[in-house]
Amino acid sequence: MDKRTTLSLAVVSTLLAACGGGNDAPAPLACTDLTTAKLNIANLQVASAVEVAASGALPAHCKVAGALNARTGIDGKPYAVGFELRTPLPAAWNGKFFFQGGGGTNGFIVPATGNLLNAPSGTALERGYAVASTDGGHATGQSDVSFGLDPQARSDYGYNAVGQVTTVAKQIVQARYGQAPARSYLLGCSNGGRDAMVAASRFADQFDGYVAANPGFNLPKAAIAEQWDTQQFMSAATAGQLPKDAFPVSAMNLVAQRILAKCDALDGVVDGMVNDRAACQAVFSLANDVPTCTGAPDATCLSAAQKTALQNVFGGAHDSANRSLYASWPLDPGVAGQNWRFWKLDAGFAPLPFNTLIGAGAMGYIFSTPPDAPSLADGGLGYQLGFSMDSAAAKIDATTATFKESSMQFMTPPNPTQLTTLKARGRLIVVHGTADPVFSPNDTMAWYDALKAADANAPKYARLFLVPGMNHCAGGPATDRFDMLTALENWVEKGTAPDAVSATVNPADPDVLAAGWPARRSRPLCAYPKQAMLKPGATDTEDAASFECR
Ligand SMILES: [Ca+2]
């Protein structure tokens, strides 16, 4: 630093001090002093602020549990935006803030350790981040969707909880350390991926980067698809059968085998993976490439009814005038994955798909305006089968005097192809499994294509990585272990944009074990629209280095 710079800084410092900033900033507060009274933040109640000793891999830290905006809903129930903030000891803080996205319909506070999703190990807290999480504005529990009867609870779940908790958590971080975080990131999958995409649109002034994994981007539309899928699966069911019976494990295994027979080699190597998704969609056909049974269905064929049902599922939800209500789905060998089956056909802990067990209630209570508030005593199957793709589906866009925001308004990012603040200061990494059974990667690709059409420079601030074979957030026959936080840090902090991110298999994954893949298998995940293809002449087909993005 030369003399002139030193002098300038001294002048600035003096001026800041004169203005009440800089040198006379409040001293850091001890953990147990992070109380309601001492923080004195509007509408904040701190329930506890305690020092937590190091345990296992988790470092010693300060845990603050609190709530914002305690109130009574129009349903007479108590509500608040609950949150947790965990901050490393001052010497261990990396100077950064991490918001941990939620999941499902939220309803409880996930410990704010900073789940890194697909990273092979570790948490954001272990990496030195201050980490926040929220219950989304209702503490009704994991599967209670009745908060959808209160309009403010809907808005809190859709976007407001993330926005408010971020603002307050950063104020507490500032109080704890005496300085604001230098960088702020949001990482989440599923509804947490949606949190990230919504924040990249609504709260782009608050974050420097985001990882949105398998995002519930157009979640109310995806919820319509949950009703649609169950209707289609049941169209192939005989009396007394449920979706899991109409489509036994052998049926989806057959579909996966036929997809592999047609598409596996397109990427240069027969390895049980279809990396050339685009070419596969062009050449594979359920109608032509899966044998139709002439007698009773068995492991080598599907009945005409089964084929029709699957064609309708993969073709995507439509109304009676054949207008698309959501998106189509890629045909990928991951449709035989256990997690695919869990969501679409058989949750296992109950004889219905999870798309029924969570999807009926979410649709009827949270995404329909006014709420349908159906009985869910049958697990939601009756509601799903009676759901009208015309009148009921239209309720995702409806408003009333009481419910002033439609579910598409409170759940989806406003203007998702006009990310001007993000463009100016942030970076967005979106990750999506090509065999996600909940949110269609085709919907995510359509968004990204539209973003690029609106702004040819979009890859400078937003990139999409598809994970061949991966189910919802993880699982499926896939290389589903990868560290997107490090990729994001390198992009934001070093200016290194990710073209390819190395991924490995989870050797304990049941789908990987069933496929018999070696634990050392690695593949590059490629920035869309590129795909991982075997390099000409490469021989070690288990090594990511043998593949290139093209
Ligand atoms: Ca292949």
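A few comments on the model shown:
- Beta bridges assigned by DSSP with both partners in the stretch 391-534 are antiparallel in approximately 55 percent of cases.
- Alpha-carbon centroids, the stretch 32-105 and the stretch 243-286: separation in whole Å: 46
- Surface composition of the chain: carbon plus sulfur atoms hold 54% of the accessible area, using a 1.4 angstrom probe and ignoring ligands, DNA and RNA.
- Axis angle, to the nearest 10 degrees, between helix 191-202 and the longest C-alpha principal axis of the chain: 60 degrees.
- Site pair residue 549 and residue 415 shows an inter-label distance of 2.8 nm when each label is modelled 7 Å from Cα along Cα→Cβ.
- In this simple spin-label approximation, residue 377 and residue 539 carry label points 7 Å from Cα along the Cα→Cβ vector, and these lie 6.9 nm apart.
- Ranked by how many other beta carbons lie within 10 Å on average, peptides 384-390, 364-370 from highest: 364-370, 384-390
- Angle between the chain longest axis and helix 3-18 axis [Cα atoms, degrees, rounded to 10]: 80
- With θ taken as phi - 60° and the Karplus curve 6.51 cos²θ - 1.76 cosθ + 1.60 applied, the whole-hertz 3J(HN,Hα) list for the stretch 416-427 is x, 9, 10, 9, 5, 5, 4, 4, 6, 9, x, 9 Hz, x standing for glycine and proline.
- Degrees between helix 304-315 axis and first principal axis of the chain (Cα, 0 to 90, nearest 10): 30
- With a cut-off of 13 Å on the backbone N, the residues of the stretch 73-93 near the modelled label site 7 Å out from residue 179 along Cα-Cβ are 90-93.
- What the chain shows is 38 Å² of accessible area per residue, with the surface traced by a 1.4 Å probe over protein heavy atoms.
- Over the residues of the chain, the helix contribution to mean residue ellipticity at 222 nm works out to -9000 deg cm²/dmol, using -39500 (n - 2.57) for each DSSP H run of at least 4.
- Backbone N atoms of the stretch 102-129 closer than 11 Å to the 7 Å Cα→Cβ label point of residue 144 belong to residues 107-108.
- Simple spin-label estimate for residue 52 and residue 513 gives 3.0 nm between the two label positions (7 Å along the Cα-to-Cβ direction from each Cα).
- Cα centroid separation - the stretch 368-389 against the stretch 497-550, whole Å: 42
- The chain: antiparallel DSSP beta bridges as a percent of all, rounded to 5: 60
- Reachable aspartates and glutamates, given that their alpha-carbon falls under 18 Å from the alpha-carbon of residue 404 and they are not under 8 places away in the same chain: 75, 150, 156, 372
- Candidate lysines - alpha carbon under 21 Å from residue 452, same-chain residues fewer than 8 apart omitted: 423, 460, 530
The values are calculated or read from the model by the stated rules, or taken from the named source; none is laboratory data. Just so you know, these numbers come straight off a predicted model, no measurement behind them. Note that each Cβ is placed from the backbone with ideal geometry, even for glycine, and that neighbours are counted across all protein chains shown. Just the protein is used for accessible areas: all its heavy atoms, side chains included, with ligands, DNA and RNA removed. Shrake-Rupley method; radii C 1.70, N 1.55, O 1.52, S 1.80 Å.
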